[in-house]
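The values are calculated or read from the model by the stated rules, or taken from the named source; none is laboratory data. Everything numeric in this text was worked out from a predicted model, so none of it was measured. All Cβ positions, even for glycine, are placed from backbone atoms using ideal geometry, and neighbour counts span all protein chains on display. Heavy atoms of the whole protein, side chains included, go into the accessibility calculation; ligands, DNA and RNA do not. Shrake-Rupley method; radii C 1.70, N 1.55, O 1.52, S 1.80 Å.
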Amino acid sequence: MGANSSSISELPENEYLKKLSGAEPISENDPFWNQLLSFSFTTPTNSADLKLLEEATISVCKSLVEKNPRTGNLGSLIKVFLSRTKELKISAECQNHLFIWQAHNALFIICCLLKVFISRMSEEELQLHLTYEEKAGPGSYGAECEDLIEELLCCLIQLIVEIPLLDITYSISLEAVTTLIVFLSCQLFHKEILRESIIHRYLMHGRCLPYTSRLVKTLLYNFIRQERSPPPGTHVFQQQTDGGGLLYGIASGVATGLWTVFTLGGVGSKASPQLEQCSPLASQSLLLLLVLANLTDAPDMPNPYRQAIMSFKNTQDNTAFSSSNPHAFQINFNSLYTALCEQQKSDQATLLLYMLLHQNSNVRTYVLARTDIENLVLPILEILYHVEERNSHHVYMALIILLILTEDDGFNRSIHEVILKNITWYAERVLTEISLGSLLILVVIRTIQYNMTRTRDKYLHTNCLAALANMSAQFRSLHQYAAQRIISLFSLLSKKHNKVLEQATQSLRGSLGSSDSPCPDYAQDLNVIEEVIRMMLEIINSCLTNSLHHNPNLVYALLYKRDLFEQFRTHPSFQDIMQNIDLVISFFSSRLEQAGAELSVERVLEIIKQGAVALPKDRLRKFPELKFKYVEEEQPEEFFIPYVWSLVYNSAVALYWNPHDIQLFTMDSG
């Protein structure tokens, strides 16, 4: 106990924690705070560490929740922290380790306690816990009532945007970001989307509002820089080898009294391998940015953080800012693009890319103008290729990103000019050389086929087909394998169509013979398959009418499987679109017949290339251009807010919530 705590199980009996959660009020000027805050440990780096700590200290937290309305000790601790942050900037400049160390420790305890308070009470109750009246004199109160929540929120934002990021400030910057996430975590404990919230109101109004653009910019730069956590010991006071000095006394004496457990190989003593490879601050900053961007609009004003994300510009852009948006700022787009390309393995980086492409026209224009677009597209294709290993939300985001990109004709042209060598992650076939456009087609078709056989999600294949349709008029020099896969997908659809037709016919015969047996509804299945077949025929037709002479491999695949199309020639749903395909098949078939039998592949392709020049284009019927545009569904927050919080729950650094307390989403949706 006390000065000899050496295991987590002894923490509830620690004298400092017992005093903090006890029945006696502790003044903010009490020397007790210096003792409490002078502990030295490596901050826990994963949720497992935090779970152990939380379980050990839950009795202390419960006691504080019960007694704090009378003692105000949590408020006193926050005031101690606020008073110390006033000197943080100069402490960082002067390399004052002790000051930063104690401020960090105060914030760490505040964050742990707030997390418990927020999970156990409403925002209104929390506000009562943290509202105090300053005494003007014995027995009398001043008229001014101060709310610590707003002051603490504003202080955390100032800390994030104003304190320079150094080895000694890394931990406190990370803790400030984490505490803001904790403040907003009340959403986790509500099934419905929070549209009225005290915390949201403070962040969107008053003292926090002027920092909006600086906070968004800093969080983006934290993500861009991917600063690794400094080695243990650089962000806390290191004991002096000569054994002298006041700092050594605090670190080696009082500090070990409370937190020896952290320095004896217990909780947080070793970073997980996953964290050693990434940046905790970058990861946590990105999660906070996504949470802020997805707060619902206030009744009297739109979400300022989303406004900032929608309007920021490149540092190279000299055009004037719009007066209608006070939250606009500038950032280096080249650095942002590089970070986005490198980080797509994580859901949250893909979600950020989606938001920027969808909402910020400056970013979208910049990305589409890049000459190295493959650096961004390849990681997105890899997400879709490994669809079995990804959660459905991550796959949706990747697919919608492709759909947004394919809305641009310049993109659709340029991807066929980018030649790739040896795509090692594509396992179905060795691709020694293929264009980015052909690879994109292969991956999207594979996603459709996977969806048809496994998940059968109409939303997924609709978006896949929309992306292919957007590209179809610009198909150029399709790889023979990509051309084959387009036709083989049509073959698969044709077989499915025939199977459902057969089932419907048998079912109808059975129902005629027996009036009791219910007839399964095959009409809906047939309708869905026919919609997809129609779309595939339109994609093939679009390529043939717009770029036939650029795609001999597609014509070859079409001729090779010409029998597939017979049954659709007279079908009322496809008759119109089949006219062009039928004409192309007939035209090239007759030219091949004239050339004689036993032709080599090379000779067939040569005849196709010659025929493409000779085919009278005016005989091909013109159809409206295939163009699909991504539009967010109404009330997108119903999808995005649970999604963002599931990412926070599953991947936030050193944050743990009891899964039984979570109301916003079910555990399998994360």
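List of remarks:
- Residue list for segment 164-192, restricted to those being assigned to a loop (DSSP other than H, G, I, E, B), open to solvent by 20 Å² or more (accessible area, probe 1.4 Å) and in contact (Cβ under 8 Å) with a residue 12 or more places away in the chain: Pro164, Leu165, Leu166, Asp167, His190, Lys191
- Within segment 377-406, the residues that satisfy the criterion of being surrounded by fewer than 20 Cβ atoms within 10 Å (Cβ to Cβ) and polar (S, T, N, Q) are Asn391, Ser392.
- Candidate set from segment 24-42 (those that are modelled with pLDDT of 85 or more and part of a loop (DSSP other than H, G, I, E, B)); member that is least open to solvent (accessible area, probe 1.4 Å): Ile26
- Filtered residues of segment 602-639 (kept if of a type in the set (A, V, I, L, M) and open to solvent by 70 Å² or more (accessible area, probe 1.4 Å)): Val613, Val631
- Criterion (more than 16 Å from Ser122 (Cβ to Cβ), of a type in the set (Lys, Arg) and open to solvent by 10 Å² or more (accessible area, probe 1.4 Å)) met by exactly one of Arg207, Arg195, Arg201: Arg207
- Residue within segment 558-571 that is more than 19 Å from Arg621 (Cα to Cα) and aliphatic (A, V, I, L, M) present: yes
- Residue match in segment 340-360 (condition: in a loop (DSSP other than H, G, I, E, B) and crowded, with 20+ Cβ neighbours inside 10 Å): yes
- Some residue of segment 440-455 being closer than 23 Å to Phe628 by Cβ, without any contact (Cβ under 8 Å) to a residue 24 or more places away in the chain and surrounded by fewer than 17 Cβ atoms within 10 Å (Cβ to Cβ): no
- Of all the listed residues (Leu420, Leu403), the sole one being part of a helix (DSSP H, G or I) and either in contact with a strand residue (DSSP E or B) (Cβ under 7 Å, 6 or more places away or on another chain) or modelled with pLDDT of 95 or more (or both) is Leu403.
- Boolean, Thr365 is open to solvent by 50 Å² or more (accessible area, probe 1.4 Å), at pLDDT 95 or above and either over 21 Å from His416 (Cβ atoms) or hydroxyl-bearing (Ser, Thr, Tyr) (or both): yes
- Complete set of residues in segment 423-436 that are assigned to a loop (DSSP other than H, G, I, E, B) and among the hydroxyl-bearing types (Ser, Thr, Tyr): Thr424, Tyr426, Thr432
- Gln635 being among the polar types (S, T, N, Q), in a loop (DSSP other than H, G, I, E, B) and more than 25 Å from Glu175 (Cα to Cα): yes
- Check on Glu175, among the acidic types (Asp, Glu) and within 15 Å of Leu288 (Cβ to Cβ): yes
- Residue within segment 594-606 that is among the charged types (D, E, K, R) and within 25 Å of Ser542 (Cα to Cα) present: yes
- Residue check for Leu564: within 15 Å of Met536 (Cβ to Cβ), part of a helix (DSSP H, G or I) and under 50 Å from the mean Cα position of the chain (by Cα): yes
- In segment 276-330, the residues that are open to solvent by less than 60 Å² (accessible area, probe 1.4 Å), over 17 Å from Leu209 (Cβ atoms), of a type in the set (D, E, K, R) and under 22 Å from the mean Cα position of the chain (by Cα): Lys313
- Lone qualifier among Ala427, Ala483, Ala504 - being in contact with a Phe, Trp or Tyr (Cβ under 6 Å, 6 or more places away or on another chain) and farther than 14 Å from Ile380 by Cβ: Ala504
- Extreme residue, surrounded by the fewest Cβ atoms within 10 Å (Cβ to Cβ), among residues of segment 410-430 that are closer than 19 Å to His386 by Cα and either of a type in the set (S, T, N, Q) or more than 28 Å from the chain's Cα centre (by Cα) (or both): Thr424
- Restricting the first member to segment 587-616 and to residues that are touching a residue at least 40 places away in the same chain (Cβ under 8 Å) and assigned to a helix (DSSP H, G or I), and the second to residues that are open to solvent by 30 Å² or more (accessible area, probe 1.4 Å) and hydroxyl-bearing (Ser, Thr, Tyr), the beta-carbon pairs closer than 7 Å and six or more apart or on different chains are Val604/Tyr556; Leu605/Tyr556; Ile608/Tyr556.
- Unmet requirement for Tyr630, which otherwise passes all of (1) modelled with pLDDT of 90 or more; (2) outside any loop (DSSP other than H, G, I, E, B); (3) within 30 Å of Ile404 (Cβ to Cβ); (4) not small (Gly, Ala, Ser): (2)
- Residue match in segment 501-518 (condition: open to solvent by less than 30 Å² (accessible area, probe 1.4 Å), within 25 Å of Glu407 (Cα to Cα) and either modelled with pLDDT under 85 or assigned to a helix (DSSP H, G or I) (or both)): no
- Residues of segment 640-670 satisfying the condition of being in contact with a helix residue (DSSP H, G or I) (Cβ under 9 Å, 6 or more places away or on another chain) and either exposed (fewer than 15 other Cβ atoms within 10 Å of the Cβ) or among the hydroxyl-bearing types (Ser, Thr, Tyr) (or both): Tyr643, Ser646, Tyr649, Asn650, Ser651, Tyr656, Asn658, Pro659, Asp661, Gln663, Met667, Ser669
- Of all the residues in segment 43-78, those that are among the charged types (D, E, K, R) and crowded, with 21+ Cβ neighbours inside 10 Å number 1.
- Subset of segment 303-362 [touching a helix residue (DSSP H, G or I) at 6+ places or on another chain (Cβ under 6 Å), at pLDDT 95 or above and aromatic (Phe, Trp, Tyr)]: Tyr305, Phe333, Tyr354
- Condition met for Ile581 (within 45 Å of the chain's Cα centre (by Cα), in a helix (DSSP H, G or I) and not charged (D, E, K, R)): yes
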